[in-house]
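J.: Dumping the structure here so I can ask a few things about it.
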Amino acid sequence: MPLDAAAQAAGSDAKVLRLVVGYAAGGAADAVARAYAEQLQTAGFANVIVENRPGASGRLGFDAVKRAKADGLTLYLGSSPMFVIFPLTYRKLGYDPDRDLRPVALVVDVPTAAVAGANQPYGDMPGYVQWARQARGKANLGLATLGSPGQLGTIEMSKQNGLQVEPVVYRGAAPMLVDVVSGEVSMGWDAVASMMPLYTGGKLKFLGVAGSRRLPMLPDVPTLLEQGYPQYQHASSWYGIYAPAGTPDAAVGALEQAFLAAGRNPALIAKLQASGFLVDPKPAAEAKRRMETERAHWAPIVKAAGIVFDE
């Protein structure tokens with residue numbers, strides 16, 4: 001379905017779809033946005049622009065879309081923590097994920113993992129735990145998103161193993177991984193997709209992946225659950241497409257069908273799965289259901305751990 005249909009449904013004559021990403025170029029979210037933008041244009045859309053607005057763990061991009069005209073032509077590609085974890089962990093969030101934006105589609109599942117520089121002396125999570133016990137305050141965790149499920153899992157893991165692992169938050173995955181490769185950061189956590197090029201280039205090694213099953217693109221890397229760390233079983237993520245609240249139903253419906261169709265394209269699936277994503281697009285209703293289900297899972301864990309971020 002061409003972009004013109006969404007524009008006409010919203011009562012707009014504009015021909016440009018702006019897809020805002022709250023993270024720096026070169027990271028996992030940026031890769032997904034650009035793959036979908038390319039496919040949408042190939043399928044007959046007018047110009048689709050990917051706009052990177054990094055900062056505040058994706059909140060700057062969210063805020064830009066929240067304030068945009070609700071005409072179906074400005075969308076946000078957002079990661080699940082912004083809609084699941086942040087409402088539970090930030091004292092002053094600055095937005096309401098249930099009222100400020102409305103879901104359009106869930107576009108990819110995002111396997112996540114713990115990673116370390118290739119020159120680090122440990123190669124799995126038990127090895128990291130053993131090293132961290134002797135590190136005397138040098139153990140830290142690089143993050144592109146403060147309050148991600150990976151961070152929550154690490155907080156719980158650290159507590160149960162008597163470790164002190166300090167979070168270090170970056171404006172995106174790319175700058176974080178520079179410090180992981182150099183050894184400045186002892187462990188990083190992010191989407192597998194953002195780390196695959198450095199892994200295949202021999203500069204990173206995976207300590208373990210989240211979830212309960214090994215990944216098809218990393219069959220030799222054990223899950224963290226296999227290694228005895230169940231805190232990470234639910235620490236994977238996903239990306240969804242969102243529109244400003246007030247966007248007409250007809251425009252959202254047209255966009256939903258367009259993104260679902262793009263996500264069924266074999267070329268897009270092959271490209272993103274080779275990069276570390278699992279492509280299985282779902283409609284807006286499923287994105288909303290998954291957000292609510294995962295928030296219910298993490299809420300008691302966040303409360304029990306007393307995790308609260310001021311900003």
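J.: Of 196, 217, 306, whose Cα points farthest to the positive end of the dipole of the chain (charges on the beta-carbon: +1 Lys, Arg; -1 Asp, Glu; origin at the Cα centre)?
T.: 306
J.: Also, quick follow-up: Within the chain, what whole-number % of the accessible surface is contributed by carbon and sulfur, with the 1.4 Å probe and all protein chains included in the calculation?
T.: After summing per-atom areas, the C and S share lands at 50 percent.
J.: Along Cα→Cβ, 7 Å out, is where each label goes; now give me the distance between the ones at residue 203 and residue 134 in nm to one decimal.
T.: Output for this residue pair reads 2.9 nm.
J.: Now for a different question. Under 19 Å between alpha carbons, and skipping anything fewer than 8 positions from residue 282 in its own chain: which lysines qualify?
T.: Within the straight-line limit of under 19 Å, residue 282 reaches these lysines: 271.
J.: Using the heavy atoms of the protein chains and a 1.4 angstrom probe, tell me the accessible area per residue for the chain in square angstrom.
T.: 41
J.: Another question, then. For the peptides 32-38, 214-220, what is the packing order when you average, over each peptide's residues, the other Cβ atoms within 10 Å and list the highest mean first?
T.: In decreasing order of mean packing, 32-38, 214-220 become 32-38, 214-220.
J.: Please give me the summed charge of the neighbours of residue 126: other residues whose Cβ is under 15 Å from its Cβ, Lys and Arg +1, Asp and Glu -1.
T.: 0
J.: Output the peptides 114-120, 281-287 sorted from most to least packed, where packing is the average of other Cβ atoms within 10 Å over each peptide's residues.
T.: Going from most to least packed, we get 114-120, 281-287.
J.: Then there's this: Take every DSSP beta bridge whose two residues both sit in the chain, then give the antiparallel share in percent to the nearest 5.
T.: For the chain, the DSSP antiparallel bridge percentage is about 60.
J.: Local charge sum around residue 23 (other residues, Cβ-Cβ under 13 Å, Lys/Arg +1, Asp/Glu -1)?
T.: Summing Lys/Arg as +1 and Asp/Glu as -1 gives +1.
J.: A further question on this structure: Determine the distance separating the Cα centre of segment 196-225 from the Cα centre of segment 18-92; give it in Å without decimals.
T.: 26
The values are calculated or read from the model by the stated rules, or taken from the named source; none is laboratory data. Every value quoted in this text rests on a predicted model; they were computed, and no experiment measured them. Note: ideal-geometry Cβ built from the backbone for every residue, glycine included; neighbour counts use all protein chains shown. These area figures cover heavy atoms from the full protein model, side chains too; ligands, DNA and RNA do not enter into them. Shrake-Rupley method; radii C 1.70, N 1.55, O 1.52, S 1.80 Å.
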